[in-house]
Each structure stands twice: as structure tokens, then as C-alpha cells.
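Laboratory data are not the source of any read-out in this text; all were calculated from the coordinates shown. Because the structure is predicted, anything quoted here is derived from the model rather than measured. Here the Cβ is made from the backbone with ideal geometry for all residues, glycine too, and neighbour counts use every protein chain on show.
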Amino acid sequence: MILTFLGTAGSGKTTITGAFGKYLEEEHSVAYVNLDTGVKTLPYNPDLDVRDTVTVEEIMEEGFGPNGAIVESYDRLLKHVNDILREVLKLNGEHDYVLIDTPGQMESFLFHEFGTRIMDGFQDPLVVYLFSLEILRGAPDYCFVRTFAMMIDLRLGATTVPVLSKADLIPKGELERHRKLLEDVEYLTARLKLDPSMQGYLAHRLCSFLPEVSPPVRVVYASARDGRGFEEMETLAYEHYCTCGDLT
Ligand SMILES: Nc1nc2c(ncn2[C@@H]2O[C@H](COP(=O)(O)OP(=O)(O)OP(=O)(O)O)[C@@H](O)[C@H]2O)c(=O)[nH]1
Ligand SMILES: [Mg+2]
């Protein structure tokens, strides 16, 4: 079972890869894959690490700026993508779980051929899309999260589970409000109908469309600090790979 953690910079990919892996290791064998050429330290011991091939740091020493070096690192990795893919699939054959930590900046994976080639090599890939509390300001943002998860599916052909990371930071009593807005599309659509702004209109139209194009999605509220949501993530992976693939 391969789980790929994807999310914007700082959303918690690396920390949750380590913490969820540790949780799974109590009963399962787990392999860790680091696809981030720019990371300095990892809270897990990677079985496969792209930094053995190329690092952002060494490219910057050649005179590249930080953003150019990130792109260049994936351009260089592309030459090794088939070997990396073969290695990941081998790890998957040898372990119950393979957890994949992706580049700090999501676009280096989502918009680069390196990322799409990796995901194309997996059968029925499962992506954990991590987003954090700070992006949820108003009703349109809840629509954004749901739509963005769908965009990942559209781009990578992967079943995408939206996971609110760092859920330990949700103030007491606020979880229910987030849950309702993220999971009850009818409620969210009704809320958005009251928003007279152009943004509200756009979000309302997009959300009205969700039930037609996206199956009801379970959102997970997870924390690498206290382990909440881990059991649910494990169940989702099991249901995806071992049962009917229906994550509702
Ligand atoms: N409170 C809290 N903080 C967290 C949690 N997970 C991660 N963090 C913090 O969030 C910050 C970013 O975490 P990372 O795991 O490095 O996030 P990332 O998405 O891998 O970041 P990049 O790869 O650098 O883009 C760190 O300061 C973590 O300590 C969590 O569950 N709860
Ligand atoms: Mg990271």
C-alpha cells in the first residue's frame, strides 16, 4: 500500500510521514521514501532518498538561486525516474506500507514531469492532501480545499483524501464547524449562496457541481503531535487498496 503525502510548503508532510509511519510500525512493516531534494533533516530513516542522487544545496553551489535549484534538481532526477519508480515498487512488494514524502513545494511534484511519471507508475494511487487551518478563513476556502483535492485527482489520477493537518491546533469547540463546512456540501453550498461577492458566486457554482463530479469524501482531521486521525488514515488506506476502493 503506497500513500503519497502532498501539500503546500509547511503543511506537515514530513512530520506526518514520520509520525504516521511510527504508528503503523507497531503492527506493520513500513518503508519510507523521501522525494524532497531540498530537505535538511528527516524524522524517519528513509529506505529511498532522492538526495542520494541530487540535492538543492549542491545545485545552489553551482550558482542557481533557490527556486531555480529546486526545478533543476527535478529536471536532473527525471533521468533517474524509472529507477526510482522500480525501487518504490520493490519496497511496496517487501512492506505493508510505503509512505512517500514529497517536495516541500507542491508544484515541484504536481507540475513537474518527475511527479506525474512517478504517480503514473502506481496502480490506483492514493494521495493524502494535507492542508492546514490557516487557509480556512471564509466559506469559499472550504470549497477551495474540496475542489483542490479534486484537481490533484484530475492531474495525477489519484484518489485524493483531504486531511486537515495539525488538527491539535483547532481551538476547542471549533471542529464541528469545520467538519460541517468541509463535509456537508449541501450546507456549504447554501452558505455560499448568501455570499454576494464574485468569489462567493464562483465558489457556489463550483460547489453545486461537486456532488456530480466527486463522490462524497471523508475528510480526516490529523495531528502528528497527538496521533489523532491516524487510525482513520489507516482504515482509508486499507479500504482503498484491500476492499472496494470506496472511501465514503
Ligand atoms: N502543532 C502541530 N505542528 C505540526 C504538526 N505537524 C507538523 N507541524 C509543524 O509544522 C512545521 C512544518 O512541518 P513539516 O513536516 O516540515 O512540513 P512539510 O510540509 O514537510 O514542510 P516542507 O517540506 O518544508 O514544505 C514544523 O514546524 C512542524 O513542527 C502537527 O501535527 N501539529
Ligand atoms: Mg517536508
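Just to be sure I follow the definition: excluding the sites themselves, where is the longest run in the chain that has none of the GluC sites (Glu not before Pro) in a DSSP loop with at most 15 other Cβ atoms within 10 Å?
In the chain, the maximal stretch lacking such sites is 63-173.
Using the alpha-carbon centroid of each, what span in Å lies between region 12-52 and region 179-248?
26
List the extent of the Cα atoms of region 132-206 along each of their three principal axes, largest first, rounded to whole Å.
Principal extents (Cα only, largest first): 36, 33, 19 Å.
Run the reach check for residue 22 against lysines, Cα to Cα strictly under 24 Å, same-chain hits fewer than 8 apart removed. What comes back?
Once the sequence-local lysines are set aside, what remains near residue 22 is 13, 40, 90, 166.
Would you work out the charge dipole size for region 2-242 about its Cα centre, treating the Cβ of every Lys and Arg as +1 and the Cβ of every Asp and Glu as -1, and quote it to the nearest 20 debye?
In total the dipole reaches around 940 debye.
Express the relative contact order of region 2-242 as a whole percentage, based on alpha carbon pairs under 8 Å and six or more residues apart in sequence.
In percent, rounded to a whole number, it is 23.
Please state the relative contact order of region 124-248 as a whole percent: Cα pairs under 8 Å, 6+ residues apart?
Contact order relative to length: 28 percent.
Helix-only estimate, please: 222 nm mean residue ellipticity of the chain, summing -39500 (n - 2.57) across DSSP H runs of length 4 or more and dividing by its residues, to the nearest 500.
-15000 deg cm²/dmol
Which residue, chosen from 156, 173, 80, occupies the Cα position most advanced towards the positive end of the dipole of the chain, where the dipole is computed from +1 (Lys, Arg) and -1 (Asp, Glu) charges on Cβ about the Cα centre?
Sorting the options by dipole projection puts first 173.
Among 40, 90, what is the fewest-to-most ranking by other Cβ atoms within 10 Å?
Ordered from fewest to most neighbouring Cβ atoms within 10 Å, 40, 90 come out as 40, 90.
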